[in-house]
Amino acid sequence: MNIDAARVRRESLRWYLILALYNARPEELCEEIIQGTMRAIYPDVSAMEVRQQLDYLADRELVKLRKEPSGRWWGDLTRIGTDLAEYTIDCEPGIARPTKYWAS
Amino acid sequence: MRVEMELWHLITLLLAFFSCVGVFGRLLLGQFEKRQQERFAAQEVARKEAQAHWDERFASLDNSAKEWARVERDFLEFKAVLPMTYVIRDDYVRNQTVIEAKLDALALRLENAQLKGKL
């Protein structure tokens with residue numbers, strides 16, 4: 001079975017974004033910290049890549065984005081995003097949320 | 001009308017006139033002196049009041065400066081203790097997310113190894 005590395009990376013990045021925003025609750029998180037956190041996990045990740053995934057998550061209404069006119073983005077988890085991070089709801093395809101391995 | 005007087009009358013009259021002038025002059029000078037004394041006394045009272053005011057003011061400024069120095073020292077101590085007590089929010093978010101990402105990756109590897117029958 002071939003593994004689509006780009007897909008794994010993209011979907012993992014989305015999950016890590018949700019984790020970062022979950023850890024930052026109840027405040028929203030500014031883009032610099034998000035980018036720095038993602039770079040700590042994927043050293044070669046680009047700012048555009050992170051923004052694309054943030055935008056995807058915003059389209060799925062998991063994340064609320066506040067785009068400042070100066071260009072800086074702020075992210076905050078929505079109720080659905082928090083439920084997803086807390087394993088309260090099922091995860092639809094597109095986000096590499098692992099199974100709840102610590103509960104079994 | 002013709003007035004005639006003896007010399008000693010004239011002398012007595014002049015003496016009386018000058019005595020009168022002298023008495024009036026002395027009264028006048030006495031009044032001057034009294035007013036001046038009152039004025040000086042009032043100035044002295046005002047000066048003392050102003051002095052007390054400025055003493056109080058400088059003392060309060062001095063106390064204020066001491067208080068500011070204390071606040072500044074307390075703040076510097078607080079800044080010195082801060083890194084030992086608190087973690088910056090950015091660091092917390094990054095570290096926590098990285099740890100969770102590593103845990104997830106580890107769980108995935110274990111799962112894969114189990115599926116391959118290596119464990």
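Bear in mind these aren't lab numbers, they're just calculated from the coordinates by the rules spelled out. Predicted, not measured: the structure shown is a model, and the values here were computed from it. Glycine also receives a Cβ, built like all others from the backbone with ideal geometry; neighbour counts cover every protein chain displayed.
Here are a few things to note about the model shown:
- Ranked B:R39, B:R2, criterion: other C-beta atoms within 10 Å, fewest first: B:R2, B:R39
- When the Cα positions of B:L27, B:Q43, B:S60 are compared along the charge dipole of the stretch B:25-65, B:L27 comes out farthest toward the positive end, with charges on each C-beta of Lys, Arg, Asp and Glu.
- Based on every Cα atom in the stretch B:56-119, Rg and the maximum pairwise Cα distance Dmax equal 26.7, 88 Å.
- Charge tally for A:Q35 (other residues, Cβ to Cβ under 13 Å; Lys, Arg +1; Asp, Glu -1): -1.
- Remark: the protein assembly as shown carries a charge dipole of roughly 340 debye about the Cα centre, counting +1 on each Lys and Arg Cβ and -1 on each Asp and Glu Cβ.
- For the stretch A:1-45, applying the loop criterion from DSSP together with a ceiling of 13 other beta carbons within 10 Å to the GluC sites (Glu not before Pro) yields A:E27.
- Dividing the summed -39500 (n - 2.57) terms of all DSSP H runs of n ≥ 4 by the residue count of chain A sets its mean residue ellipticity at 222 nm at -15000 deg cm²/dmol.
- Top of B:L29, B:L106, B:L76 by mean-square fluctuation, Gaussian network on chain B, Cα under 10 Å: B:L106
- Sparse-neighbour loop sites [trypsin sites (Lys or Arg not before Pro); the stretch B:49-119; at most 14 other C-beta within 10 Å; DSSP]: B:K116, B:K118
- Amide H contacts of A:V63 (H built 1.01 Å from N, under 5 Å, at least 5 apart or other chain): A:A58, A:T78
- Taking other Cβ atoms within 10 Å as a rough exposure proxy, B:M5, A:M38 sort from fewest to most as B:M5, A:M38.
- Listed residues B:L13, B:L27, B:L61, most fluctuating in chain B (Gaussian network, C-alpha, under 10 Å): B:L13
- Across every pair of non-identical alpha carbons in the stretch A:1-83, the mean reciprocal distance, once inverted, gives a Kirkwood radius of 12.9 Å.
- Taking the square roots of five times each eigenvalue of the Cα gyration tensor of chain B, the equivalent ellipsoid has semi-axes of 110, 11, 5 Å, listed largest first.
- Applying both filters, DSSP loop and at most 12 other Cβ atoms within 10 Å, to the chymotrypsin sites (Phe, Trp or Tyr not before Pro) of the stretch B:72-119 gives B:Y86.
- Of the Cα atoms belonging to the protein assembly as shown, the radius of gyration and Dmax stand at 46.9, 163 Å.
- Helix B:7-85 axis, angle to chain B major axis (alpha carbon atoms, nearest 10°): 0
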